[in-house]
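Novice: Below: one structure in structure tokens.
The values are calculated or read from the model by the stated rules, or taken from the named source; none is laboratory data. Just so it is clear, the structure is predicted and the values come from calculations on it, not from any experiment. Positions of Cβ are backbone-derived with ideal geometry, glycine not excepted, and every protein chain shown enters the neighbour counts. These area figures cover heavy atoms from the full protein model, side chains too; ligands, DNA and RNA do not enter into them. Shrake-Rupley method; radii C 1.70, N 1.55, O 1.52, S 1.80 Å.
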Amino acid sequence: MDKIQNTYRVISNERLCAHFWRLTFDAPQLAQEVQPGQFVHIRTADGLEPLFRRPFSIYRAQRYVEILYEPIGPGTRLLAVKQKGDSLDVLGPLGTGFKMPPERTKQVVMIAGGIGVAPMLILTDILKKKKYELILLYGGRTRGHVYPMKEFKDSGVKVYISTDDGSVGSKGRVSVLFDKVHFNPLTTFIYTCGPNPMIKGVQEFAAKHNIGGQASCEEIMACGLGACLGCSIETKHGYRTVCYDGPAFDLEEVIFY
Amino acid sequence: MNLSVKIANVTFQNPVTVASGTFGHAEKYYNLKEVRKLGAIVPKTVTFYPQVGNPPVRIWETPSGMINAIGIENPGIDGFIQAKLPNFKKIGVPLIISILGHNPQEFVGIVEKLNNVILSEAKDLKESLDSSAYRPQNDRMGGIAAIELNLSCPNLQHKTLVAQDTQATQEIVKQIKTISKFPVIAKLSPNVTDIGEIALAAEAGGADAISLINTFTAMSIDIKTRQSRIGNFTGGLSGPAIRPIALAMVHQVYKSVKIPVIGMGGIANADDALEFMIAGATMVAVGTMNFVNPRAPLDVLEGITSYMKENKIADIKEIIGSLKE
Ligand SMILES: Cc1cc2nc3c(=O)[nH]c(=O)nc-3n(C[C@H](O)[C@H](O)[C@H](O)COP(=O)(O)OP(=O)(O)OC[C@H]3O[C@@H](n4cnc5c(N)ncnc54)[C@H](O)[C@@H]3O)c2cc1C
Ligand SMILES: Cc1cc2nc3c(=O)[nH]c(=O)nc-3n(C[C@H](O)[C@H](O)[C@H](O)COP(=O)(O)O)c2cc1C
Ligand code: FES
């Protein structure tokens with residue numbers, strides 16, 4: 001009954017590194033409408049296991065729509081076996097994407113943990129049209145969570161990498177990269193996406209240095225449409241749904257425990 | 001081919017509806033032309049005062065089902081009438097308003113406010129309420145076709161749910177029936193020993209129909225932290241996992257009462273819905289499966305239509321309760 005439910009054809013599904021895959025599908029209308037930070041809700045199973053759709057940020061929308069994903073459970077593993085020509089049941093584009101940086105912004109710092117890097121490329125594609133200094137701080141767990149990130153570099157983004165074990169880039173969490181950047185409270189704007197503890201860390205750092213930003217949050221979802229009120233998170237304005245009011249929120253707005 | 005069904009004096013164009021709490025998303029997403037094909041729409045339960053809902057995590061996926069503990073997040077009856085009802089009315093499908101009071105006074109308060117919706121809109125209330133057929137084009141009805149009492153609410157003296165107590169069920173239904181300008185549907189909880197008895201009590205209280213089932217009390221535990229995965233500790237199980245039990249309960253209630261039954265519990269497609277209708281349901285509602293396949297209610301409707309064609313059934317009433325024993 002929804003305008004946004006469609007079946008699309010898979011164009012390709014390839015492994016980019018040990019842990020990350022990229023799925024490309026043909027959805028011209030979706031590609032045109034999507035805003036950075038919005039997501040698609042994909043039915044991974046034909047039957048009832050797993051029951052729920054799975055949400056994925058849109059990684060890129062050019063001729064085709066791309067998602068970047070990490071097989072970690074039943075739903076994402078079913079995605080990994082999709083092949084060229086298979087059909088894909090997709091709801092989207094869904095949710096409220098990233099706000100654009102305020103007028104005075106000169107430097108945009110994207111801080112991503114693991115698969116949280118996914119919404120940053122479509123964001124880069126929009127932001128590179130303006131004259132921002134673009135920086136990506138990326139924290140992966142291991143070498144297997146790091147892929148070439150050529151698309152970022154080709155777009156003029158300065159990429160800094162950390163891994164927990166130091167196998168690539170600096171050793172430690174993404175926060176070890178903060179001193180690579182000269183943050184400026186007036187002219188820096190942050191975008192962040194990753195596990196909640198990471199976002200919480202970025203939030204504390206940004207608050208201390210008085211820097212504004214946006215965070216893309218996660219919660220388990222059923223409908224993805226704002227109907228079930230199942231994906232609520234706590235914000236300074238009360239409960240808000242990640243799927244409809246978010247996934248992108250003002251960085252200081254989200255409350256973590 | 002006649003697909004229309006009746007509850008009290010209200011005629012619905014077909015028997016397919018949605019379960020409370022599973023439909024109600026933004027207008028910008030849905031295709032109005034398709035939503036208009038539904039027999040009725042049931043919005044999320046409304047309480048007297050606004051409720052913010054339960055702390056996260058509110059939902060958990062289970063084998064062929066889900067646990068939810070949303071906590072009836074809703075804007076309260078005033079907020080609903082002002083902000084939500086006008087949009088639901090625009091759809092142009094009869095509305096069944098699900099309500100819950102934490103005590104009888106709250107139930108009465110909500111119903112009085114809903115009565116006022118038509119009182120304020122109807123120039124000639126008597127006429128529109130007496131007319132046998134619901135007319136969506138007739139705005140004077142306020143779009144409200146019936147009230148559904150969510151009886152999974154506290155039964156204050158007994159520390160149970162109203163829906164777990166025959167006497168409390170009968171009393172609250174009776175109280176609402178004396179004041180409601182709308183037909184009254186009693187929605188039952190499956191967390192009982194004998195659901196037939198509860199249905200009989202609702203009928204004795206004057207209910208115009210019974211809807212069932214609501215969710216089964218359920219849990220899921222994170223073995224790493226040894227804590228419940230649900231913010232509210234327990235939640236309610238729904239989805240295809242509960243369907244066979246729901247079907248048995250619908251049949252049991254159909255055999256116990258004379259009033260129409262609205263059946264739900266894990267319905268995913270027309271075959272599932274037909275099972276419920278053959279077991280005795282006059283209407284069928286799609287709940288959890290809306291989240292998986294937003295087209296499910298329409299698939300159900302289309303599938304029922306083709307089943308009737310294939311089996312040369314002229315009137316849907318030939319299916320209802322046609323189970324052979
Ligand atoms: C708005 C949004 C955007 C996302 N974008 C991406 C993306 O671009 N790429 C990507 O790989 N993943 C993304 N995710 C996470 C992705 O949805 C989950 O990894 C996926 O649902 C896991 O499903 P599964 O069946 O493979 O594993 P499961 O076994 O279901 O889950 C594995 C783990 O992931 C957690 N999980 C399950 N569902 C979700 C969910 N909806 N959100 C967060 N955690 C969940 C579970 O609690 C469990 O710990 C996003 C999530 C959200 C909410
Ligand atoms: C997320 C969610 C929210 C629900 N909210 C309500 C509610 O507000 N009022 C109500 O009467 N039932 C509510 N229900 C119960 C459903 O209306 C239905 O009775 C039950 O889920 C069984 O049907 P299903 O298996 O098709 O979902 C809710 C169910 C779910 C899954
Ligand atoms: S997943 Fe249903 S409201 Fe967000």
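Novice: Which loop trypsin sites (Lys or Arg not before Pro) in the range B:1-64, with loop taken from DSSP, have no more than 16 other Cβ atoms within 10 angstrom of their Cβ?
Specialist: B:K28, B:R36, B:K37
Novice: If you don't mind, there's one more thing I want to ask. Whenever you get a sec, line up B:H158, A:H19, B:H25 from highest to lowest accessible area (probe 1.4 Å, protein heavy atoms).
Specialist: The ordering from most to least exposed comes out as B:H158, A:H19, B:H25.
Novice: Across the residues of A:2-10, average count of Cβ atoms on other protein chains within 10 Å?
Specialist: The mean count of partner-chain Cβ atoms within 10 Å per residue comes to 3.
Novice: To the nearest 10 degrees, how steeply does helix A:196-208 sit against the main Cα axis of chain A, on a 0 to 90 scale?
Specialist: Helix A:196-208 sits at roughly 30 degrees to that axis.
Novice: Summarise the accessible area of chain B (1.4 Å probe, protein heavy atoms) by the percent that is carbon and sulfur.
Specialist: Roughly 52 percent, rounded to a whole number.
Novice: Gap in Å between the Cα centre of the range B:256-325 and the Cα centre of the range A:163-240?
Specialist: The distance from the Cα centre of the range A:163-240 to that of the range B:256-325 comes to 46 Å.
Novice: Would you mind checking which residues have amide H under 5 Å from A:S170's amide H? H placed 1.01 Å from N; only 5 or more apart, or other chain.
Specialist: A:I161, A:S162, A:T163
Novice: Would you work out the charge dipole size for chain A about its Cα centre, treating the Cβ of every Lys and Arg as +1 and the Cβ of every Asp and Glu as -1, and quote it to the nearest 20 debye?
Specialist: That gives a dipole near 720 debye.
Novice: What 222 nm value per residue comes from the helices of chain A, counting each DSSP H run with n ≥ 4 as -39,500 (n - 2.57) and dividing by all residues, nearest 500 deg cm²/dmol?
Specialist: -4500 deg cm²/dmol
Novice: Setting aside same-chain residues fewer than 8 positions from A:K153, which aspartates and glutamates have a Cα under 19 Å from its Cα?
Specialist: The qualifying aspartates and glutamates are A:E66, A:D125, A:E133.
Novice: With runs of 4+ DSSP H residues as the only contributors, calculate the mean residue ellipticity of chain B at 222 nm using -39,500 (n - 2.57) per run, divided by the residue total and rounded to the nearest 500.
Specialist: -9500 deg cm²/dmol
Novice: So if I average 1/r over every pair of distinct C-alpha atoms in the range A:4-94 and take the inverse, what Kirkwood radius in Å does that give?
Specialist: Here the Kirkwood hydrodynamic radius works out to 12.9 Å.
Novice: Another one. Give me the mean projected area, in nm² to one decimal, of the convex hull enclosing the Cα positions of the range A:54-148.
Specialist: Result: a mean projected hull area of 7.7 nm².
Novice: Ranking request for peptides A:194-202, A:138-146: highest mean number of other beta-carbon atoms within 10 Å first, then the rest in descending order.
Specialist: Most protected by this proxy first, the peptides run A:138-146, A:194-202.
Novice: Let me ask something else about it. Can you give the average number of partner chain beta-carbon atoms within 10 Å of each beta-carbon in peptide B:27-35, as a whole number?
Specialist: Across the residues of B:27-35, the mean count of other-chain Cβ atoms within 10 Å is 4.
Novice: Treating cross-link reach as a plain straight distance, find the lysines whose alpha-carbon is under 24 Å from the alpha-carbon of B:K159, omitting any fewer than eight places away in the same chain.
Specialist: B:K174, B:K187
Novice: I'd like the interface area for chains B and A: accessible area of each alone minus the complex, both sides summed, 1.4 Å probe, protein heavy atoms only. What is it in Å² to the nearest 100?
Specialist: Its buried surface, counting both partners, is about 3100 Å².
Novice: Right, here's the next one. How many Å² of accessible area per residue for chain B, probe 1.4 Å?
Specialist: Per residue, chain B has an accessible area of 41 Å².
Novice: Over 21 Å between Cα atoms, which of A:K82/A:K158; A:K128/A:K200; A:K3/B:K37; B:K6/B:K177 qualify?
Specialist: Table pairs above 21 Å Cα-Cα are A:K82/A:K158; A:K128/A:K200.
Novice: Can you give the relative contact order of chain B as a percent, counting alpha carbon pairs under 8 Å and 6+ residues apart?
Specialist: 19
Novice: Tell me the trypsin sites (Lys or Arg not before Pro) within the range B:277-325 that lie in a loop according to DSSP and have at most 10 other beta-carbon atoms within 10 Å.
Specialist: B:K312, B:K324
Novice: Here's a follow-up. Express the accessible area of the range A:89-248 per residue in Å², computed with a 1.4 Å probe while the remaining protein chains stay in the model.
Specialist: 40
Novice: Ok, one more. Mind checking A:86-93 for the average number of partner chain beta-carbons within 10 Å of each residue's beta-carbon?
Specialist: Rounded to a whole number, the mean comes out at 1.
Novice: Give the aspartates and glutamates whose C-alpha is closer than 15 Å to that of B:K181, dropping any in the same chain fewer than 8 places away, or say none.
Specialist: B:E112, B:E121, B:D124, B:E127, B:D130, B:E148, B:D208
Novice: What is the angle, in °, between the Cα long axis of helix A:118-127 and the longest principal axis of the Cα atoms in chain A? Nearest 10 is fine, range 0 to 90.
Specialist: 70
Novice: Next question, about the same structure. May I ask you to find the residues of the range A:223-257 that are shielded by at least 30 Å² of accessible area once the whole protein assembly is considered instead of their isolated chain (probe 1.4 Å)?
Specialist: Residues meeting the cut-off: A:L225, A:A227, A:C228, A:L229, A:G230, A:S232, A:Y239, A:Y244.
Novice: Right, something else. For chain A, give the percent of accessible area contributed by carbon and sulfur heavy atoms, probe 1.4 Å, rounded to a whole number.
Specialist: 50
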